[in-house]
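Enquirer: A single structure is presented below for examination.
The values are calculated or read from the model by the stated rules, or taken from the named source; none is laboratory data. Since the model is a prediction, treat every value here as computed from it, not as a measurement. Note that we place each Cβ from the backbone using ideal geometry, even for glycine, and neighbour counts take in every protein chain shown.
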Amino acid sequence: MTSLRIRLPHVLAAVALLAGCRAGGPSTAGEAGREPTDLPTRARSLAQRVLIADGHIDLPHRLLAEREALGAIRSWDFATGTSTVRDFDYERARAGGLNAPFMSIYVPSEHQKTPGKSKAVADELIDLVEEIVRGAPSRFAIARSPRDLAAHQADGKVSLPMGIENASAFEDNLALVAHFHARGVRYATLTHSKDNEICDSSYDETATWKGLSPFGREVIGAMNRVGMMIDVRPISRSSLPGTCSECGVRSRPSLPRTPRSEAQRPMPKMVARVALKRMPTE
Ligand SMILES: [Zn+2]
């Protein structure tokens, strides 16, 4: 799980790769005849003209944790106005030009100890995203394709695409790739803080598979077939060659989240090249 705050590399990567979805709205600069001269105004103008995505916002996990701890979700004000208890809400997303915050379907690694639990938690988090949309259908919509993103932008809605943060949600069942794709998931982070059935984590010294597992190779093939992007962030360095070869990626990115000091070289463009190589078109 990571911060709710929008992280610039994710935004930039997503904007670059979603450029084909750029809205056809009027150009503020064109209407004015020239670009605004001060940088903040230019930035706000640009943010309203392009389609901006954030690859990862942990709202669903926080809602679920709150419901489990308090018996209910304190407030849905993020969906209906400007939230007083959350870092994300509809009004501020619109004001900042954020069109498509990917809802993170975060599955903690500890659930891997209990068969079926990871899948169940992922389904519960997706249920919550659907609940957000049901509660404010004029403001939010689940996006399953670039076409959806453009349509939602034109309608003044904030798109809520989804990504699974920890593919342990697939358990040891290849059919669950198609299950989660059918529910709207469009990327999956292969692992998180522990080795899982798919590959090794950069946070785990166990080196269970010494890279990608045989099941992991099948999972990547299934993700490619259904059109689900592959996020390589916390996988181990030894998992990367197998992942790249299964994805058909020639050049390998470094791994910005690996804890080993020699690998602390953030290269979001390269990660995005792997993560979004198989960007679904529909
Ligand atoms: Zn997260």
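Enquirer: Only one of these conditions is not met by Val177: (1) within 16 Å of the ligand (Cβ to nearest atom); (2) surrounded by 24 or more Cβ atoms within 10 Å (Cβ to Cβ); (3) part of a helix (DSSP H, G or I). Which number is it?
Expert: Among (1) within 16 Å of the ligand (Cβ to nearest atom); (2) surrounded by 24 or more Cβ atoms within 10 Å (Cβ to Cβ); (3) part of a helix (DSSP H, G or I), the lone unmet condition for Val177 is (1).
Enquirer: Looking only at residues that are under 19 Å from Ala182 (Cβ atoms) and touching a helix residue (DSSP H, G or I) at 6+ places or on another chain (Cβ under 6 Å) in segment 106-120, which one is surrounded by the most Cβ atoms within 10 Å (Cβ to Cβ)?
Expert: Pass one, segment 106-120, residues under 19 Å from Ala182 (Cβ atoms): 107, 116, 118-120.
From the residues that got through so far, the ones that are touching a helix residue (DSSP H, G or I) at 6+ places or on another chain (Cβ under 6 Å) too are 107, 118-119.
Values: Val107: 28, Ser118: 26, Lys119: 19.
Across segment 106-120, the extreme among qualifying residues is Val107.
Enquirer: Take segment 144-170 and flag every residue that is touching a Lys or Arg at 6+ places or on another chain (Cβ under 8 Å) and closer than 28 Å to Gly216 by Cα.
Expert: Within segment 144-170, Arg144, Pro161, Met162, Gly163, Ala169, Phe170 qualify.
Enquirer: Residues of segment 183-234 being of a type in the set (A, V, I, L, M, F, W, C) and either free of Cβ contacts under 8 Å to residues at least 12 places away in the same chain or assigned to a loop (DSSP other than H, G, I, E, B) (or both), which ones? Let's see the steps before the verdict.
Expert: From segment 183-234, those of a type in the set (A, V, I, L, M, F, W, C) are 185, 188, 190, 198-199, 207, 209, 212, 215, 219-220, 222-223, 226, 228-230, 232; that's our starting set.
Answer for segment 183-234, where residues must be of a type in the set (A, V, I, L, M, F, W, C) and either free of Cβ contacts under 8 Å to residues at least 12 places away in the same chain or assigned to a loop (DSSP other than H, G, I, E, B) (or both): Leu190, Ile198, Ala207, Trp209, Met228, Val232.
Enquirer: Considering segment 82-101 alone, what residues qualify as being over 18 Å from Ala141 (Cβ atoms) and of a type outside the set (Lys, Arg)?
Expert: Within segment 82-101, Thr82, Ser83, Thr84, Val85, Asp87, Ala95, Gly96 meet the criteria.
Enquirer: Restricting to segment 63-91, and then to whatever is among the basic types (Lys, Arg) and at pLDDT below 95, can you tell me which residue is nearest to the ligand (Cβ to nearest atom)?
Expert: Per the criteria, the residue is Arg86.
Enquirer: Further, regarding this structure: Can you tell me how many residues within segment 191-209 are within 15 Å of Asp231 (Cβ to Cβ) and among the hydrophobic types (A, V, I, L, M, F, W, C)?
Expert: Residues that pass the stated criteria total 2.
Enquirer: Out of all the residues in segment 92-118, which are hydrophobic (A, V, I, L, M, F, W, C) and within 15 Å of the ligand (Cβ to nearest atom)?
Expert: Restricting attention to segment 92-118, the residues satisfying the condition of being hydrophobic (A, V, I, L, M, F, W, C) are 93, 95, 98, 100, 102-103, 105, 107.
Hits for segment 92-118 are Phe102, Met103, Ile105, Val107.
Enquirer: Checking the structure you have, find out if any residue of segment 75-83 is under 30 Å from Pro40 (Cβ atoms), part of a strand (DSSP E or B) and of a type in the set (Ser, Thr, Tyr). Spell out how you get there, then give the answer.
Expert: In the first step, residues of segment 75-83 are kept if they are under 30 Å from Pro40 (Cβ atoms); the result is 77-83.
Those still in the list that are part of a strand (DSSP E or B) too: none.
No, every residue in segment 75-83 fails to be under 30 Å from Pro40 (Cβ atoms), part of a strand (DSSP E or B) and of a type in the set (Ser, Thr, Tyr).
Enquirer: Separate question: Kindly indicate whether any position in segment 52-59 is away from the ligand (no atom under 16 Å from the Cβ) and at pLDDT 50 or above. Steps first, answer last, please.
Expert: Step one: filter segment 52-59 for residues away from the ligand (no atom under 16 Å from the Cβ), giving 52.
Imposing the further condition that a residue be at pLDDT 50 or above reduces the set to 52.
Yes: one or more hits.
Enquirer: In segment 59-74, which residue that is in a helix (DSSP H, G or I) and of a type outside the set (A, V, I, L, M, F, W, C) is surrounded by the fewest Cβ atoms within 10 Å (Cβ to Cβ)? So that I can check it myself, show each step before the final result.
Expert: Kept after step one, since they are in a helix (DSSP H, G or I), are these residues of segment 59-74: 59-70.
Cutting the leftovers down to of a type outside the set (A, V, I, L, M, F, W, C) gives us 60-62, 66-68.
Working: Pro60: 24, His61: 22, Arg62: 19, Glu66: 16, Arg67: 14, Glu68: 9.
Restricting to residues being in a helix (DSSP H, G or I) and of a type outside the set (A, V, I, L, M, F, W, C), the top hit is Glu68.
Enquirer: Just checking, how many residues over segment 84-126 are under 29 Å from Asp172 (Cβ atoms), outside any helix (DSSP H, G or I) and of a type in the set (Val, Ile, Thr)? Steps first, please.
Expert: Of the residues in segment 84-126, the ones under 29 Å from Asp172 (Cβ atoms) are 102-126.
Subset that is outside any helix (DSSP H, G or I): 102-108, 114-116.
From what is left, the residues that are of a type in the set (Val, Ile, Thr) are 105, 107, 114.
Final tally of qualifying residues: 3.
Enquirer: While we're here: Checking Leu125 against (1) under 18 Å from the mean Cα position of the chain (by Cα); (2) more than 15 Å from the ligand (Cβ to nearest atom); (3) surrounded by 18 or more Cβ atoms within 10 Å (Cβ to Cβ), which test does it fail?
Expert: Looking at each condition in turn, Leu125 falls short on (2).
Enquirer: Does Ala167 satisfy the criteria of being touching a Gly at 6+ places or on another chain (Cβ under 9 Å) and among the aliphatic types (A, V, I, L, M)?
Expert: Working: touching a Gly at 6+ places or on another chain (Cβ under 9 Å): yes; among the aliphatic types (A, V, I, L, M): yes.
Spelling it out, Ala167 is indeed touching a Gly at 6+ places or on another chain (Cβ under 9 Å) and among the aliphatic types (A, V, I, L, M).
Enquirer: Evaluate segment 245-260: report whether one residue or more is modelled with pLDDT of 80 or more and more than 22 Å from Ala53 (Cβ to Cβ).
Expert: yes
Enquirer: Just give me the residues in segment 127-174 being of a type in the set (Phe, Trp, Tyr) and part of a helix (DSSP H, G or I), in sequence order. Break it down into steps so the answer makes sense when it comes.
Expert: Narrowing segment 127-174 to residues of a type in the set (Phe, Trp, Tyr): 140, 170.
Hit for segment 127-174 is Phe170, nothing else.
Enquirer: With Ala79, Ala53, Ala43 as the choices, which residue is free of Cβ contacts under 8 Å to residues at least 40 places away in the same chain and either surrounded by fewer than 12 Cβ atoms within 10 Å (Cβ to Cβ) or hydrophobic (A, V, I, L, M, F, W, C) (or both)? Give the derivation first.
Expert: Details: Ala79 fails: free of Cβ contacts under 8 Å to residues at least 40 places away in the same chain; Ala53 fails: free of Cβ contacts under 8 Å to residues at least 40 places away in the same chain.
When all the criteria are applied, what remains is Ala43.
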